[in-house]
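The values are calculated or read from the model by the stated rules, or taken from the named source; none is laboratory data. This structure is a prediction, so every number in the text was calculated from the model and none was measured. All Cβ positions, glycine included, derive from the backbone under ideal geometry; neighbour counts span all protein chains shown. These area figures cover heavy atoms from the full protein model, side chains too; ligands, DNA and RNA do not enter into them. Shrake-Rupley method; radii C 1.70, N 1.55, O 1.52, S 1.80 Å.
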Amino acid sequence: MGVKAALPRYELYFYNVVLCTAMLWAARWIFDVSSSNSNRKTFKTSVQPGWYYSGRKMDTADVEWMMWFSTFREHVIFALSGHVIFAKICSLLAPQYRSLVFMVYGMLAVFTSMGWAYVTLILSHCVLLYSISLVKLRWLCFVAGLTTLATFKMEPFISWQAGFVTGSFELRPLLFYGGCGFTIMRCMSFALENCEKKDGNYSILELLKYNFYLPFFYFGPIMTFDKFYIQANNPNLTRKDGEMWNICLQGLLHLGVIMIVAVLLHFMYILTIPSDMKLLKNISDWALVGLAYLNLVYDWVKAAVMFGVINTISRLDHLDPPKPPKCITMLYVFSETHFDRGINDFLCKYVYNYLGGKHDNVLDELIASLCTFGIAALWLGPGWVVFIWAFLNCFGRNFELWTAQNLSFHPQMAISESMSRRIRAVFNTFNFWTIVLYNVLALNSLEFAKLVAKRLLLKGELLVISDQFKCILKSKRVYCP
């Protein structure tokens, strides 16, 4: 949807100065508020005592971050370290059986954390969808998979299946829904690939190897079955020059980012401040929108670290997993707004590209987008926030296609690629801020999102101009939703 072209260096510097100035202005205000208001009534529930030697409290509003990197940190490290050790031993002694070892260790880890009833529930869904895949009808596999997925999103099916898992383990509900949801998606990928297999069928053992790979089991990312099958069963385990060094560097980078985020949460309460509407009503437009923007950057960092840690482990297993999400600072089109690239690859391969063809027809693109975001809404769980998210994505994606087709320049027109890039950036400013607003709605409260939208639409002329500059910087051509 964009044009890659070089811009004058002075122009690039100017755009970067505008963006960085706005973010530094907002960061200074957030730091001042965090330092002087740590005892506010609205802060007491989420701003808790932090590191003793820092002398400051810590923003603990993000339950997911605290769960993985504080409360259950030792459990996560223990389980993943065991996987790495056993996988390495098997790779050295019997590389042809390493996918089987992945499965056995994964099943034992799931059994230990969730119990035999949960493992039985997962196996029953695997057997059901495997049986349906033997018919080799794509539509039937889709209907069965989506129906099964819906049973984990709607009552009374949720409560009935959740009743199989008992106990007071704090992380158990999260593991239950994560493991079940990703299991259904992996089974669908397996079933659809089995439909494409011309000679015979894949065995159910291959499905179990694919599903019970522990690093991907509970929280993804999803790696489509065709890729996993080839890579996990590849007996050639040689690495490229410098690959192991890159993996180690990647691991150290993620560790460093975790430490930096922990430090920032002691000095900038970006997650708690949006809940104090009384405080927010008196701040400047720059500070308010900067706060919203920093919330999105934080959410990307969290996703990048969580997926990045898992990706590092899977790379040690000689797999090539989906890449971490793209930073919000690098986005300007709806076609790149996926935080989970595994889900994005799944939807592109089996739905969006399958129905949309070459993506040059508005009607085909609309049908493909509706089906893609309909499945995405079911995956995320039906709700008004999800429906708004899906609508804005679907509209934005088709708006981009319509704009590209109706504003295409005639080949004989004397216009440079740089100028074309600037013009496209102006038209995509609306898209960028819609991306920001629906993510603010999903991450924070409705009141905060309404306040940001009101300030942005009524008082945000300078912000619109600055983000036109940023859109010019980040133009890129992509096709997936």
Any chance you could check the Cα centroid distance between the stretch 169-237 and the stretch 82-107 for me, in angstrom?
-> 16 Å
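For the stretch 138-202, run through the GluC sites (Glu not before Pro) and keep only the ones in DSSP coil with at most 12 other Cβ atoms within 10 Å of their Cβ.
For GluC sites (Glu not before Pro) across the stretch 138-202 that sit outside H, G, I, E and B with at most 12 neighbouring Cβ atoms in 10 Å, the list reads GLU170.
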Using Cα positions and a limit of under 18 Å, work out the aspartates and glutamates in reach of LYS198, with same-chain residues fewer than 8 apart set aside.
-> GLU206, ASP226
Contour minus end-to-end for LEU363 and SER159, with contour as 0.36 nm per residue of separation and end-to-end as the Cα-Cα distance?
-> 69.5 nm
Return the subset of LYS278/LYS454; LYS227/LYS326; LYS227/LYS358; LYS302/LYS326; LYS197/LYS323; LYS227/LYS349 for which the Cα-Cα distance in this structure is over 19 Å, preserving the input order.
-> LYS227/LYS326; LYS227/LYS358; LYS197/LYS323
Taking only protein heavy atoms and a 1.4 Å probe, the highest-to-lowest accessible-area order of LYS41, LYS136, LYS227 is LYS41, LYS227, LYS136
Trypsin sites (Lys or Arg not before Pro) within the stretch 181-211: DSSP coil, no more than 13 neighbouring Cβ in 10 Å | LYS197, LYS198
Per residue convex hull volume, Cα only, the stretch 228-361, in Å³ is 168 Å³
With the full set of protein chains in place, find how many percent of the accessible area of the stretch 83-132 is carbon and sulfur; take the probe as 1.4 Å.
-> 80 percent
Using Cα centres only, tell me the gap between the stretch 253-307 and the stretch 339-365 in whole Å.
-> 32 Å
Chymotrypsin sites (Phe, Trp or Tyr not before Pro) restricted to DSSP loop in the stretch 30-133 with at most 14 other C-beta within 10 Å | TRP51
For the stretch 24-165, with equal point scatterers placed on the C-alpha atoms only and solvent neglected, what are the log10 I(q)/I(0) values from the Debye formula at q = 0.11, 0.13 1/Å, to two decimals?
-> -0.78, -0.91
The convex hull of the Cα atoms of the stretch 173-245, divided by residue count, gives a volume in Å³ per residue of 109 Å³
Cα gyration tensor shape of the stretch 152-277, rounded if a/c is under 1.5, else prolate or oblate by comparing a/b with b/c | oblate
